[in-house]
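A quick write-up on the structure given underneath.
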Amino acid sequence: MAAPVPTIEKRPAPPRGPEGPPEGGRGRGGDGEVQPVTPATPAKVFVWLFVGTVIVLFAAFTASYLARRAQSGWTEIPLPSVLWLSTGVLAVSSGALEWARHQGRRGRLAAMRRGLSATLVLGVGFLAAQVVAWRQLVSAGVYLSTNPHSSFFYLLTGAHGLHLLGGLAALSYTGWHVYRTRDTAQALATADPTATYWHFLGILWLYLFVLLFWV
Amino acid sequence: MAVTHEVAHAEHEHPQSFWKKYIFSQDHKIIGIQYLMTSLFMALIGGFMAMLIRMQLGFPGLKFYWAQWLFPGGFSGDQMKPDFYLAMVTMHGTIMVFFVLTTALSGGFGNFLIPLQIGARDMAFPWLNMMSYWLYPPAILILLGSFFVTGGAASAGWTAYPPLSALRNAVPGSQLGQTLWLLSLALLIVAFLFGSLNYITTILNLRTRGMSMTRLPLTIWALFMTAILMLLSFPVLLAAAIMLLFDRHLGTSFFVPGGLIVGGVPVSHTGGDPILWQHLFWFLGHPEVYVLILPPMGIVSEVLSTNGRKPIFGYFFMIGSIAAIAILSFLVWGHHMFTSGMDPLLGTAFMTTTLIIAVPSAIKTFNWLATLWRAKIRFTSATLFAVGFVSLFVSGGLTGIFLASPAIDIHLQDTFFVVGHFHLVMAAAALFGLFAGAYHWFPKMFGRMMNERLGKIHFWITFVAIYATFFPMYFAGTAGMMRRIFSTQQYQFLQPLAGLNAFISIAAFGLGVAQLIFAYNFLYSAFRGPKADANPWQANTLEWQAPSPPPHGNWGATLPVVHRWPYDYSVPGVEEDYVPQTSPERAADTVLGADEAASLQAKPRGEET
């Protein structure tokens, strides 16, 4: 190896003594340690960044909602009763997903698959209940353009539903992946980010529910 | 997803079909070049529109024999219609901001440089990266297609303020053209979000051994912050665009107030708030101008340090000021809205946050100057454009201080003073950063050198012409000439500005023609230029350790290991005036043992966990 060359790099004192290998780099093996610290996988970083993006999107909708409510023409729409059911279904689906991951951590991949399937079915059920809520409002004569509150109701539930479709796709992919793999770590590596996103969608729904009818 | 792509990486030596290698490629370098080439093509279109605008403004009543043939709907007889002029202004702004500068700087250089400069084989999610690029051409087709629908292209300005943009019968461009504009932008936003997610994940997770965050080249820091800005600002525009589409087509009233009468017909909407759109738009819009200017700042830091053969001055202050600018950019959007009936107290708050941005901007400027201070500067084309960037950033940025003050801004709002300001500080400066980057990294992209003589001719004509075009706009604006005005002959008090406008137009034509030199140089050199060696500029960063152009997978069998920061130029006691980042620095590296180090490096990624 070539002779060491001096540097004019200015930096804080090295975290390890001068005897150690080059320091730095949180990336896999980039830490300079012989046994690299396991960093967050790209999928985990990705899902949190994506959650951040969706939060910004709904923050913009929230700001618009609050600003628009201060203007004229705001009439409260009735709360479709089926929303209580859909909220419950989504909460149970998050529970089922946690159960699936719990089984996965114990190496029971078959049970994990069943849990994931249950989550998927409950997710579809939630979407169906949301459509029923739309039908309830339509039959009560409340349409998208009826008043600003109804516009926001359809807009926000619709936007949430579209993100939930993405969540269903992620769940299906996870289920398929768990079905193919025999390796618990790999199954969890896919299931963990999916769970982060799915739980986020549940919390987002609770937030929207409160924003739309209780704020 | 994470698991599958790593397997694909381990076996990167597959021969690939032309289709997979160059068209639907998942290789970050090809995607970067695709982004860059498509953006340059869009720059030709956006530039052509600028020429039409300047022909109309410089020589009102000019006969357009030939352009008439291209856009039959835009001309009556051989005169340009005012509607078409407004569509030109709108599309020129939209194309240049979103479809040229954002895509070329963030999409082009971001994709090409990030994995290479951090020592990765590719992006974290290559497939998503490919999708990011392939949403861009459809967005272009929808945008350009809007010229050929009833009513023509959108004409509500690049800011698309409602009610002009919300009511379909407001002006001809408010018909289908505006809808297509919104859809095109929504597609492009999704492309940007895919890209940004990828950039951040890649920079956080795929850095090679020894590449700590504080050893990243400033290009990467700038692109990293840019990606964060895009991730936090573009969803807001997406939300606004969705609501505007609802207003246009589904009868909602988010942005349209009641009591409007358009063409004698009362509008059915009630109670919406057009100012709300402005808030949402500018919450994106102001970070967006930093999305355009941060990557050039990174590029310029890199180019000036390399060609000045000196370490960048104030590396940590450079990172800090990039971060400060990024944070502040979210707190200043109101300075675009001083005349919207804003509470003066709020206006003062926005003035304060805006003025604070001058501090990190000045830190960066002085650091560049200090980097060049007593440097042995190599005046390559890239260096010239980088120095030109600093000049434009200062001369354009100083007028930003004027505009930040509500008292002055209310007078200058929507005049050519503003047009001159943002063209110099945002458009021209970003363009110079783009050129500096193109000349600097061209050898790495195509394995060939660009013609330096043509590059210098290109620089000098562009530099003179860009000042001659945009600086007089300050005078036109101070004299009261409105932005987006169709003709200076409409008002008596503007008629004396005819000569000034003719001068601006002639300078603009010179500017336009000079870009053909670049286009020729770029295309000719890509195929016929002299072969470039791996490190033609004797630079330190990692990409210059790979062959030119780098192979698929970038690094052959082993990843590079980083031992130092990227700015070890002219280190005392070293024979060469540069020390690559891979050059070992301490005896400690040999303690590990060459075999052990080699075995660590040889280990393919993904097998360690």
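The values are calculated or read from the model by the stated rules, or taken from the named source; none is laboratory data. Fair warning: this is a prediction, and the values are worked out from it, not measured in the lab. We place every Cβ from the backbone using ideal geometry, glycine too, and count neighbours over all the protein chains shown.
Any residue at all in the range B:241-253 that's within 11 Å of chain A (Cβ to nearest Cβ) and acidic (Asp, Glu)?
Looking through the range B:241-253, at least one residue is within 11 Å of chain A (Cβ to nearest Cβ) and acidic (Asp, Glu).
Listed here are the residues, each with its yes/no results for (1) assigned to a loop (DSSP other than H, G, I, E, B); (2) modelled with pLDDT of 90 or more; (3) farther than 19 Å from B:HIS28 by Cβ; (4) within 14 Å of chain A (Cβ to nearest Cβ).
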residue: B:ALA508; (1), (2), (3), (4): no, yes, yes, no
residue: B:VAL561; (1), (2), (3), (4): yes, yes, yes, yes
residue: B:TRP565; (1), (2), (3), (4): yes, yes, yes, yes
residue: B:GLU608; (1), (2), (3), (4): yes, no, yes, yes
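So, B:SER305, is that one of a type in the set (S, T, N, Q), under 21 Å from the mean Cα position of the chain (by Cα) and within 26 Å of B:GLY108 (Cα to Cα) or not?
Taking the combined requirement at face value, the residue does not satisfy it.
It is to be established whether one or more residues within the range A:133-149 are out of contact with any Lys or Arg (no Cβ under 7 Å at 6 or more places or on another chain) and under 18 Å from A:VAL45 (Cα atoms).
Scanning the range A:133-149, I find no residue that is out of contact with any Lys or Arg (no Cβ under 7 Å at 6 or more places or on another chain) and under 18 Å from A:VAL45 (Cα atoms), so the answer is no.
Mind checking whether some residue in the range B:80-99 is under 30 Å from B:ALA508 (Cα atoms), modelled with pLDDT under 95 and in contact with a Lys or Arg (Cβ under 6 Å, 6 or more places away or on another chain)?
no
From B:LEU128, B:LEU105, grab the single residue that is surrounded by fewer than 21 Cβ atoms within 10 Å (Cβ to Cβ), under 23 Å from B:LEU229 (Cα atoms) and in contact with a Leu (Cβ under 9 Å, 6 or more places away or on another chain).
Going through B:LEU128, B:LEU105 in turn, just one is surrounded by fewer than 21 Cβ atoms within 10 Å (Cβ to Cβ), under 23 Å from B:LEU229 (Cα atoms) and in contact with a Leu (Cβ under 9 Å, 6 or more places away or on another chain): B:LEU128.
Could we say that B:PRO266 is away from every other protein chain (no Cβ under 13 Å) and at negative phi here?
Yes: the conditions hold for B:PRO266.
In the range A:59-72, which residues are surrounded by 16 or more Cβ atoms within 10 Å (Cβ to Cβ) and within 8 Å of chain B (Cβ to nearest Cβ)?
Scanning the range A:59-72 gives A:ALA60, A:PHE61, A:ALA63, A:SER64, A:ARG68, A:GLN71.
If you go through the range A:27-45, how many residues are touching a Pro at 6+ places or on another chain (Cβ under 7 Å), surrounded by 20 or more Cβ atoms within 10 Å (Cβ to Cβ) and at pLDDT 50 or above?
Matching residues across the range A:27-45 total 1.
Between a first residue in the range B:241-255 that is under 16 Å from A:TYR65 (Cα atoms) and a second residue that is assigned to a helix (DSSP H, G or I) and among the polar types (S, T, N, Q), which pairs have beta carbons less than 6 Å apart while being 6 or more apart in sequence or on different chains?
Once the first residue is under 16 Å from A:TYR65 (Cα atoms) and sits in the range B:241-255, its partners that are assigned to a helix (DSSP H, G or I) and among the polar types (S, T, N, Q) give B:THR252/A:SER151.
Checking the condition surrounded by fewer than 20 Cβ atoms within 10 Å (Cβ to Cβ) and among the aliphatic types (A, V, I, L, M), which residue from B:ALA507, B:ALA476, B:ALA468 passes?
Among B:ALA507, B:ALA476, B:ALA468, only B:ALA468 is surrounded by fewer than 20 Cβ atoms within 10 Å (Cβ to Cβ) and among the aliphatic types (A, V, I, L, M).
Can you list residue pairs whose Cβ atoms sit under 7 Å apart, with the first residue in the range B:324-340 being without any contact (Cβ under 8 Å) to a residue 24 or more places away in the chain and the second being assigned to a helix (DSSP H, G or I)? Count only pairs 6 or more apart in sequence or on different chains.
That search, which allows pairs on different chains as well, returns B:LEU331/B:THR353.
State which residue is modelled with the highest pLDDT when the search covers only the range B:267-278 and only residues that are buried (at least 23 other Cβ atoms within 10 Å of the Cβ) and assigned to a loop (DSSP other than H, G, I, E, B).
B:GLY272
Kindly list the number of the only condition in (1) within 14 Å of chain A (Cβ to nearest Cβ); (2) crowded, with 19+ Cβ neighbours inside 10 Å; (3) at pLDDT 90 or above that fails for B:GLN515.
Exception for B:GLN515: condition (1).
Filter the range B:200-225 down to residues that are assigned to a helix (DSSP H, G or I), facing chain A (nearest Cβ under 10 Å) and touching a residue at least 12 places away in the same chain (Cβ under 8 Å), then give me how many there are.
Total meeting the criteria: 7.
Using the structure shown, decide if B:ALA438 is small (Gly, Ala, Ser) and farther than 26 Å from B:ASN535 by Cβ.
Against the criterion (small (Gly, Ala, Ser) and farther than 26 Å from B:ASN535 by Cβ), B:ALA438 does not qualify.
Please work out which residue is surrounded by the fewest Cβ atoms within 10 Å (Cβ to Cβ), limiting yourself to the range A:82-109 and to residues that are farther than 17 Å from A:LEU171 by Cβ and out of contact with any helix residue (DSSP H, G or I) (no Cβ under 7 Å at 6 or more places or on another chain).
Checking each candidate, the answer is A:ARG106.
Report those helices (runs of 4 or more DSSP H) wholly inside the range B:279-393 carrying at least 1 residues which are closer than 18 Å to B:LEU223 by Cα and small (Gly, Ala, Ser).
So the answer is B:315-328, B:358-372.
In the range A:110-124, which residues are surrounded by fewer than 17 Cβ atoms within 10 Å (Cβ to Cβ) and farther than 21 Å from A:GLN186 by Cβ?
A:VAL121, A:VAL124
In the range B:376-398, is there at least one residue being among the aromatic types (Phe, Trp, Tyr) and under 21 Å from B:THR159 (Cβ atoms)?
no
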